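The structure under discussion appears below in the form of structure tokens.
Rule-based calculations on the coordinates, nothing more; no lab input. Keep in mind the model is a prediction, meaning the values are calculated, not measured. Cβ placement follows ideal geometry from the backbone for every residue including glycine, while neighbour counts extend to all protein chains displayed.
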Amino acid sequence: MTDTRIPLPLTRSRSEEIFPVLTPEQHRRVAERGHMRVTRSGEVLVEQGDSTVPFFLVVSGEIEILRPLGSAETLVAVFGPGQFTGEVNMLSGRRALFRIRVAQPGELIEVDRREMQAMMQNDAELGEIIMRAFILRRVELIAAGMGDAVLVGSNHSADTLRTKEFLMRNGYPYSYIDLERDSDVQNLLDTFHIAASEIPVVIFRGQLVLRNPTNRQVAEALGFNEAVDQRRVRDLIIVGAGPSGLAAAVYGASEGLDVLVLEASSPGGQAGSSSRIENYLGFPTGISGQELAARAYSQAQKFGTEILIVNATHLACDRKPYVVELENGARVPGRAILIATGAEYRRTLLENLSRFEGVGVYYGATFVEAQLCGGDEVVVVGGGNSAGQAAVFLAQTATRVHMLVRSAGLAESMSRYLIRRIEETPTIVLRPHTEIVSLEGGDHLESVRWRNSQTGETEEHKISHAFIMTGAVPNTRWLEGCLALDTKEFIKTGPDLSPEDLSAAHWPLSRPPYLLETSVPTVFAAGDVRSGSLKRVASAVGEGSAAVSFVHQVLRE
Ligand SMILES: Cc1cc2nc3c(=O)[nH]c(=O)nc-3n(C[C@H](O)[C@H](O)[C@H](O)COP(=O)(O)OP(=O)(O)OC[C@H]3O[C@@H](n4cnc5c(N)ncnc54)[C@H](O)[C@@H]3O)c2cc1C
């Protein structure tokens, strides 16, 4: 077996935080949670893909973390006395990304995952050291493209972009090989008998090959949804892991509730697709939506929340406990339910829009899309804050950003700080009273035609990237008439529910619905999906956390 001995490229200044050495006192507290284990040289403690992965603290000797690939191994890290193993998969209970093997015999303290989680929750000092190390290790793995998955694709393929985004937004480390750019890709394709027409292809642990998989297939293969206990009645099931769902998960789990979160795509929701959120309290220099989501996701898991990446397809709300049905056929019962499914951009702007989705038409402007359009002209459609952020972000790499708005200007729809930023960015051209009238191209968007509604003039531009950021619609279709909705299909709650709504829903209680309670008792709604909500990260977070206090009340009733 060859050993390429390529260590994890570390940010030198942070290596003490990534690989901390515990003090004898901290060591003693870990020992109280686990048991001593004597190790032999070459002993494999954990194999890549193992589902039960304990936490190890090295007492003496040395252990190494290795990424197996075929008959070769890549050295990821080496741990000596006082150092511990693990990264964020340990919080979620997902499968091991790497092999752990003893390099020098000695002794370890072995702590099982549940005990390790209890230790993180109850010992603030150790909890902080371990959590920081886990998160930073994952960040390094993502930056180094080092995990158990390899994505082979092309930058001209919408499905490659979809898969990249799915892995990136779920914080999953993977290596990317581009069909057009990487010279030895043919060898890899031949090894796995893959035709170039089958891309994107995802290869897991050097064995399992998925050809143009759906996000759901990738989630299943990565073990995102393993071991869900369908018989356990949860205190709270949260549908949607945007800011409101994640806030509810953190508050609920930290206050002792048994919480399950169901997320159709990736944690973070709309906020996760934001390049920089600058008006969220506590982040004076702004924070990317992806980073905010990743932090909240780890925080929720630290307190024991279980999170599945699966679409909720139905809510059976006619009898208690309510049951949420999932697209993989599972049914999960809950004593209280929080609907936090948010909203998404309208996709029906133009007839052939969907043809170019992912190959020129995008609904989010993250690092992944920005990489595709560096050095090109782009169009951003919309006059709200999300469009403004996208324009400012893309202007850093694009040669020109045409911002198309239907109205006379931005003053009514956008925050003042963004308007100022747009005015100060010479490469952003604001085009008021303007709408896209057609999109043209072959297998990728090639040109965009727009029209000024005041002058009637149309212009065609050779532009191959259009960002559509116009009004959002609520994700409530899956509820199929279970809850009272307003005329735009947002969920009505609390005082917004009229006596007619309550009588149509056969409201059975003598008390009226609580503030965030829907027309069905103990089913709550929070964030953008709720009628009358403010459509801001802070308000979604506030509503998600407030919903938990009502959940405590209904569970006591
Ligand atoms: C590009 C962009 C930039 C923005 N910038 C800012 C900003 O700077 N400041 C600010 O305050 N606000 C900003 N916003 C608005 C802010 O992101 C939203 O108000 C906030 O994300 C709403 O949170 P939420 O949890 O209610 O819903 P969402 O963020 O919409 O999350 C809902 C989640 O539910 C999931 N879901 C939907 N249906 C199902 C289902 N059936 N089963 C399971 N899961 C489901 C979705 O996949 C999603 O992850 C921005 C929005 C966008 C799009």
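In table form, for the structure just shown:
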quantity: Within the range 477-504, tally of residues that are surrounded by 20 or more Cβ atoms within 10 Å (Cβ to Cβ) and either small (Gly, Ala, Ser) or closer than 21 Å to Glu263 by Cα (or both); calculated: 6
quantity: So Glu220, is it more than 16 Å from the ligand (Cβ to nearest atom) and out of contact with any Leu (no Cβ under 8 Å at 6 or more places or on another chain); calculated: no
quantity: Residue match in the range 456-479 (condition: charged (D, E, K, R), within 29 Å of the chain's Cα centre (by Cα) and within 16 Å of the ligand (Cβ to nearest atom)); calculated: yes
quantity: Subset tally (residues that are crowded, with 20+ Cβ neighbours inside 10 Å and under 16 Å from Ser92 (Cβ atoms)) for the range 225-244; calculated: 2
quantity: Whichever residue in the range 43-85 is farther than 14 Å from Leu97 by Cβ and small (Gly, Ala, Ser) and, among such residues, is surrounded by the most Cβ atoms within 10 Å (Cβ to Cβ); calculated: Gly61
quantity: First in the range 518-547 and farther than 25 Å from Ser273 by Cβ and part of a helix (DSSP H, G or I), second anywhere and near the ligand (Cβ under 8 Å from one of its atoms) and of a type outside the set (Asp, Glu), Cβ under 6 Å, 6 or more apart; calculated: none
quantity: Helices (runs of 4 or more DSSP H) enclosed by the range 72-156 - at least 3 residues per element that are without any contact (Cβ under 8 Å) to a residue 12 or more places away in the chain; calculated: 124-144
quantity: Subset of the range 285-310 (residues that are in a loop (DSSP other than H, G, I, E, B) and either within 13 Å of the ligand (Cβ to nearest atom) or of a type in the set (Val, Ile, Thr) (or both)); calculated: Thr285, Gly286, Ser288, Thr305, Val310
quantity: Any hit, the range 178-190, residues being within 25 Å of the chain's Cα centre (by Cα) and under 26 Å from Thr366 (Cα atoms); calculated: yes
quantity: Residue match in the range 321-343 (condition: farther than 30 Å from Leu236 by Cβ, within 13 Å of the ligand (Cβ to nearest atom) and either of a type in the set (S, T, N, Q) or touching a strand residue (DSSP E or B) at 6+ places or on another chain (Cβ under 9 Å) (or both)); calculated: no
quantity: Of residues in the range 233-268 being assigned to a helix (DSSP H, G or I) and near the ligand (Cβ under 7 Å from one of its atoms), the one nearest to Ala365 (Cα to Cα); calculated: Pro243
quantity: Residue within the range 269-284 that is assigned to a strand (DSSP E or B), away from the ligand (no atom under 12 Å from the Cβ), over 15 Å from the mean Cα position of the chain (by Cα) and not polar (S, T, N, Q) present; calculated: no
